[in-house]
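First up is the structure itself, then whatever we jot down about it.
Nothing in this text is a laboratory measurement; each read-out follows from the coordinates by a stated rule. Note that the coordinates shown come from a computational prediction; the quantities given were computed from them, not determined experimentally. Backbone-built Cβ (ideal geometry, glycine too); neighbour counts: all protein chains shown.
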Amino acid sequence: MNKGDLISQIAGDAGISKAEATKAVDSFVNTTINTVKKGDKVTLVGFGTFSSSKRAARTGRNPQTGAEIKIPARTVAKFKPGKEFASKVK
């Protein structure tokens, strides 16, 4: 399912126009990105939690040459599914 499919599904389920569903999906995505970017969490009970995590700098290897490379520290996005979501996917 891509974004267009999701918007169509939400519009049909909620009985709203695709334009309204697009605004809702875009607002959710932008709000979630901005909140996680600030270091806060977005928790949807039963669905899951969006958060960020810091990865320390480390040394890796180039798989083609075997040479050591330095991988810089960075912040990554994480999603942890909620109990209800995880149980329904099994």
Review point. Under the condition of being in contact with a Phe, Trp or Tyr (Cβ under 8 Å, 6 or more places away or on another chain) and part of a strand (DSSP E or B), which residue from the stretch 52-84 is surrounded by the most Cβ atoms within 10 Å (Cβ to Cβ)?
Key: Pro81
Study note, to complete from the structure: Within the stretch 52-90, the residues that are out of contact with any strand residue (DSSP E or B) (no Cβ under 6 Å at 6 or more places or on another chain), of a type in the set (A, V, I, L, M) and over 22 Å from Asp40 (Cβ atoms) are Ala57, Ala67, Ala86, Val89
